[in-house]
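One structure below.
The values are calculated or read from the model by the stated rules, or taken from the named source; none is laboratory data. Quick caveat, the model's predicted, so the values are computed rather than measured. All Cβ positions, even for glycine, are placed from backbone atoms using ideal geometry, and neighbour counts span all protein chains on display. For accessibility, only protein heavy atoms count, side chains too; no ligands or nucleic acids. Shrake-Rupley method; radii C 1.70, N 1.55, O 1.52, S 1.80 Å.
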Amino acid sequence: MSELDFYFDFSSPYGYLASERIDDLAQRCGVTVHWRPFLIGAAFKQTGQSPLIEQPIRGDYFRHDMERCARLQGTPFKIPAKFPYAALAPSRAFYWIASFDPKLAQKFAHDIYRGYFADGLDMSDPETVIATATRHEIDAGALREAIVDPKWKQHLREVIDHAIARGAFGSPFFFYKDEPFFGNDRMDHLEQWIKSHA
């Protein structure tokens, strides 16, 4: 089965919208998706960009566009009070969970995204992240330790460095056999490409 890398930032609204579509795309295309949270802030430092809604003139457009895209695909969405945020805790937690149960990590990722963009929960707070994980009977104490463990801090740094080295500069970002696609609005193109190059 072919493989697709799905890079996303837990603070990214378009990453959230893509996360709600990626499972169906994978099923239609017969691909295995590797979920790879990273921090686009590190990429912004190299590209000179800033979060979309903080950009003059463009910010108002993108705020409107995020809400419109969510309505069009039928995904619950509201811009959180604390937006954007550095998604260190959920990203480290994801990789720790994925180390023993990748499917569970994906369920956790969905809950983090939905908790943040649908319910307005503060996912910059590690305790909110931990509370989200315990819904899946994940041990809170073990996860609390993992979030501050140097091993998972380093792992996330390595993922970020590798993503940027591959050319990922935003969220969501996809690689299918090293062919890059950026944005939730490129998922139709991505699907066509996979089907024609499988």
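Applying 0.36 nm per residue to the separation of Arg186 and Ala118 and subtracting their alpha-carbon distance, the gain on full extension is 22.2 nm. Over all projection directions, the Cα-based convex hull of the range 3-196 averages an area of 10.6 nm². In order along the range 53-63, the phi-based Karplus estimate (6.51 cos²θ - 1.76 cosθ + 1.60, θ = phi - 60°) of 3J(HN,Hα) comes to 6, 8, 7, x, 6, 5, x, 5, 4, 5, 4 Hz; Gly and Pro are listed as x.
Rounded to the nearest whole Hz, the Karplus-based 3J(HN,Hα) values (6.51 cos²θ - 1.76 cosθ + 1.60, θ = phi - 60°) of the range 96-107 follow the sequence 5, 5, 4, 5, 10, 7, x, 5, 5, 4, 5, 4, with x at glycine and proline. The residue list His189, Leu143, Gln154 was ranked by how far each Cα lies along the charge dipole of the range 99-198 toward its positive end, using unit charges on Cβ atoms, and His189 comes out on top. Think of the range 3-196 as having a plus end and a minus end, set by charges on the Cβ of Lys, Arg, Asp and Glu; of Val33, Ala98, Gly48, Gly48 sits farthest toward the positive end of this dipole. Between His197 and Arg157, the modelled label-to-label distance comes to 3.3 nm, taking each label 7 Å out from Cα in the direction of the beta carbon. In this structure the amide hydrogen of Phe38, modeled in the peptide plane, comes within under 5 Å of the amide hydrogens of Phe8, Asp9, Phe10, none closer than 5 places in sequence on its chain. Contact order, relative form, for the chain: 31 percent (alpha carbon pairs under 8 Å, 6 or more residues apart, mean separation divided by residue count). Per-residue packing, averaged as other Cβ atoms within 10 Å, sorts the ranges 123-131, 187-195, 68-76 into the order 123-131, 187-195, 68-76, beginning with the highest. Inter-label distance, Asp24 to Arg135: 2.0 nm, where each label sits 7 Å from its Cα along the C-beta direction. Annotation: amide H of Val33 within the under-5 Å range of Leu4, sequence separation 5 or more or interchain, hydrogens built in the peptide plane. Computed 3J(HN,Hα) for the range 126-135, one whole-Hz value per residue from the Karplus formula 6.51 cos²θ - 1.76 cosθ + 1.60 where θ = phi - 60°, is x, 5, 5, 4, 5, 4, 5, 5, 5, 4, glycine and proline marked x. For the chain, the per residue solvent-accessible surface stands at 50 Å², with DNA, RNA and ligands left out and a 1.4 Å probe.
Within the accessible area of the range 123-198, the carbon and sulfur atoms contribute 50%, probe 1.4 Å, all protein chains present.
Under 14 Å from the Cβ of His197, count the other residues' Cβ atoms, weight Lys and Arg +1, Asp and Glu -1, and hand me the total.
Computed value for this residue: -2.
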